[in-house]
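Asker: This is the structure, below, for whatever I ask next.
What follows is calculated from the coordinates using simple rules that are stated; it is not laboratory data. The model shown is predicted, which means the values in this text are computed figures rather than measured ones. Positions of Cβ are backbone-derived with ideal geometry, glycine not excepted, and every protein chain shown enters the neighbour counts.
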Amino acid sequence: MCQMWQKIRYGVRWNPGERLALGIRAIDLQKVKSIDISMDPLHEENHSIRTFWHAVMSPRVRLTNPAVKVKTNLANDRRTPSFVATLDGGAKLRFETEKMPAADLIATFNRLTGNPEMGKAGTRPRINI
């Protein structure tokens, strides 16, 4: 890599993979009753909702609220990927995830559910599941 690009890259604050990992680390489902995911698996813009789905179904996130219901609707109808999160107070958050980066989706979800957008960096103790 030439010196010019190294200097430009030096000013960049976040590595995209690190930003996504810290966002996933901050997900907390305590205020969420259910999540209804609707997507077309053949749609070209469904990477962010698949990443969110994978993050929500991980054991560490599921331990924050084991009673949360995650329902998926897979249909081949070329509809844009979206999900609806129902909160404890009855409020519903609807996300249209087409052309939305996964890190931004998770950070917005965290902010709207009352959690920090990014988790703490560093190592965490291992949990027994």
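Asker: Where does helix 16-25 land angle-wise versus the long Cα axis of the chain, in degrees 0 to 90, nearest 10?
Answerer: The angle comes out at about 40 degrees.
Asker: May I pose another question? Relative to the longest principal Cα axis of the chain, at what angle does helix 47-56 sit, 0 to 90 degrees, rounded to 10?
Answerer: Approximately 70 degrees, to the nearest 10.
Asker: Let me ask something else. Among T72, T123, V61, flag the residue with its Cα farthest along the positive direction of the charge dipole of the chain, charges on Cβ as +1 for Lys/Arg and -1 for Asp/Glu.
Answerer: Comparing the listed Cα positions along the dipole, T123 ranks first.
Asker: Would you mind checking the pairs K71/K92; K31/K71; K33/K99; K31/K69 and listing those with alpha carbons more than 21 angstrom apart?
Answerer: K33/K99
Asker: Of A85, H43, T97, whose Cα points farthest to the positive end of the dipole of the range 24-112 (charges on the beta-carbon: +1 Lys, Arg; -1 Asp, Glu; origin at the Cα centre)?
Answerer: Of the candidates, A85 comes out farthest on the positive side.
Asker: Still on this structure, I have one more. Quick check: pseudo-label points 7 Å beyond the Cα along Cα→Cβ at T86 and T64, how many nm apart are they?
Answerer: Computed distance between label sites T86 and T64 equals 2.0 nm.
Asker: Additional query: So for each of 36-43, 72-79 I average, over its residues, the number of other beta carbons within 10 Å; can you give me the resulting order with the highest mean first? Write out the running numbers ahead of the final one.
Answerer: Values: 36-43: 16.1, 72-79: 10.5.
Packing proxy ranking, top to bottom: 36-43, 72-79.
Asker: Continuing with the same structure: Measure off 7 Å from each Cα along the Cα-to-Cβ vector at R79 and N15, then give the distance between these two points in nanometres to one decimal.
Answerer: Modelled inter-label distance: 3.8 nm.
Asker: In nm, what is the difference between 0.36 nm times the number of residues separating L93 and R111 and their Cα-Cα distance?
Answerer: So the chain would gain 5.3 nm between L93 and R111.
Asker: Compute, for the chain, the length of the dipole vector about the Cα centre, with Cβ point charges of +1 (Lys, Arg) and -1 (Asp, Glu) only. Units Debye, rounded to 20. Before the final figure, lay out the partial values.
Answerer: Values: 21 positive and 12 negative charges, 106 e Å.
Charge dipole, the chain, about its Cα centre: 500 debye, nearest 20.
Asker: For the range 24-112, what does the relative contact order come out to in percent, with C-alpha contacts under 8 Å and a separation of six or more? Write down the numbers at each step before the final one.
Answerer: Numbers: 152 pairs, mean separation 36.6, N = 89.
Contact order relative to length: 41 percent.
Asker: Against the empirical 2.2 N^0.38 Å scaling, what ratio does the C-alpha Rg of the chain come to?
Answerer: Numbers: Rg = 16.5 Å, N = 129, 2.2 N^0.38 = 13.9 Å.
The chain yields a ratio of 1.18.
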